[in-house]
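See structure below.
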C-alpha cells in the first residue's frame with residue numbers, strides 16, 4: 001500500500017559504537033526519503049565517531065575503525081543532514097527508544113538545533129510487536145515473504161523497514177494510512193525527554209521517572225531542591241535530557 005503522506009517521510013537506521021545513548025556515537029547513517037508523490041531518494045553515510053569501535057560491536061555490524069578513519073565526523077555533516085530532515089516525518093525500527101534519542105544527542109553535540117520533538121515518529125517495530133511480536137528479519141519474512149540479506153547493514157535494514165510498513169498497511173485494515181495516526185499507534189511512552197528520565201503523568205504534568213524523586217513534579221522539585229538541577233546538569237545524563245530540564249526550569253521562572 002502506498003503511504004498517505006502529508007509531509008515527506010524519512011526512514012533511517014543508525015549503526016553505532018554501542019547502545020549507550022549518552023556516550024556512544026554514530027558510525028553509519030542510512031536513510032530513505034519518500035515524498036508525497038512516492039518518489040524515493042536514499043543515502044548512506046559513514047561517520048568517524050571520534051572514539052574506538054569495540055570489537056564486540058564490529059562483530060555485529062561489520063564496520064571497523066579502519067572503515068571510518070577517513071570519514072567525516074558528525075559535526076561535519078550535521079548541518080546538511082538537518083536540512084535534509086527538515087519538514088519530514090521520521091520512521092524506523094526501534095527508533096523511538098534508540099535511533100532518535102542518539103541522533104538528538106549527536107545534533108546537540110554538533111551545536112545544530114533540530115527540534116525532533118516537533119516531528120511525527122513512526123516506529124515500525126512497535127506496530128509489528130503489537131501485531132506480530134518478532135525481529136526485523138522475521139517481520140520482513142512475515143510481511144514481505146523474503147529473507148532479509150545483510151541484516152544489521154544500515155542500508156538493508158532501512159529498505160526492509162520501509163517495505164515492512166507498506167506491507168503492514170496492506171495487511172491490517174484497522175491501521176490508518178495516516179502518518180499522525182501511525183505515529184500515535186507506534187508510540188509506547190509519555191516521555192518528555194527521549195531517554196525517559198522525565199515523563200508526563202496522568203495529568204500531563206512533567207515528573208521525574210527515576211531516583212529519589214520518581215513520580216514527583218519536576219517544577220516542584222526544582223523549587224524545593226534547586227541543587228538537584230545542578231546535580232543533573234553535571235551528571236552523566238543525555239544532553240537532550242539536560243536541555244528539557246533547562247527548558248522546564250526557564251519556563252518555571254517566567255511563570
Only listed residue being within 22 Å of the chain's Cα centre (by Cα), at pLDDT below 95, outside the structural domain of residue 101 (by TED's automatic domain parsing) and over 30 Å from residue 148 (Cβ atoms), chosen from 204, 236
236
Can you name the condition, by its number, that residue 187 falls short on among (1) surrounded by 19 or more Cβ atoms within 10 Å (Cβ to Cβ); (2) in contact with a strand residue (DSSP E or B) (Cβ under 9 Å, 6 or more places away or on another chain)?
(1)
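Just to check your reading of the model, which residue among 215, 211, 227 is outside the structural domain of residue 33 (by TED's automatic domain parsing) and touching a strand residue (DSSP E or B) at 6+ places or on another chain (Cβ under 6 Å)? Lay out the reasoning, then the answer.
Numbers: 211 fails: touching a strand residue (DSSP E or B) at 6+ places or on another chain (Cβ under 6 Å); 227 fails: touching a strand residue (DSSP E or B) at 6+ places or on another chain (Cβ under 6 Å).
When all the criteria are applied, what remains is 215.
Residues that are surrounded by fewer than 16 Cβ atoms within 10 Å (Cβ to Cβ): list the helices (runs of 4 or more DSSP H) wholly contained in the range 10-123 that include at least 3 such residues. It would help to see each step written out before you state the result.
Numbers: elements: 55-61, 65-68, 74-85, 100-109.
The helices (runs of 4 or more DSSP H) meeting that bar are 55-61, 74-85.
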Please indicate, with yes or no, whether at least one residue in the range 177-200 is within 21 Å of residue 32 (Cβ to Cβ) and in contact with a helix residue (DSSP H, G or I) (Cβ under 6 Å, 6 or more places away or on another chain).
yes
Between residues in the range 77-91 that are within 13 Å of residue 31 (Cα to Cα) and residues that are in a helix (DSSP H, G or I), which pairs lie under 6 Å by C-beta distance while being six or more apart or on different chains?
89/179
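Scanning for something buried (at least 21 other Cβ atoms within 10 Å of the Cβ) and out of contact with any helix residue (DSSP H, G or I) (no Cβ under 6 Å at 6 or more places or on another chain), does the range 137-152 turn up at least one residue?
Of all residues in the range 137-152, those buried (at least 21 other Cβ atoms within 10 Å of the Cβ) come to 139-140, 143, 148.
Narrowing further to those that are out of contact with any helix residue (DSSP H, G or I) (no Cβ under 6 Å at 6 or more places or on another chain): none.
Scanning the range 137-152, I find no residue that is buried (at least 21 other Cβ atoms within 10 Å of the Cβ) and out of contact with any helix residue (DSSP H, G or I) (no Cβ under 6 Å at 6 or more places or on another chain), so the answer is no.
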In the list 159, 197, which residue meets the criterion of being surrounded by 14 or more Cβ atoms within 10 Å (Cβ to Cβ), over 23 Å from residue 131 (Cβ atoms) and at pLDDT 90 or above?
197
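The values are calculated or read from the model by the stated rules, or taken from the named source; none is laboratory data. Worth saying up front: this structure is predicted, and the values here are computed from it rather than measured. Positions of Cβ are generated from backbone atoms using ideal geometry, with glycine treated the same way; all protein chains shown enter the neighbour counts.
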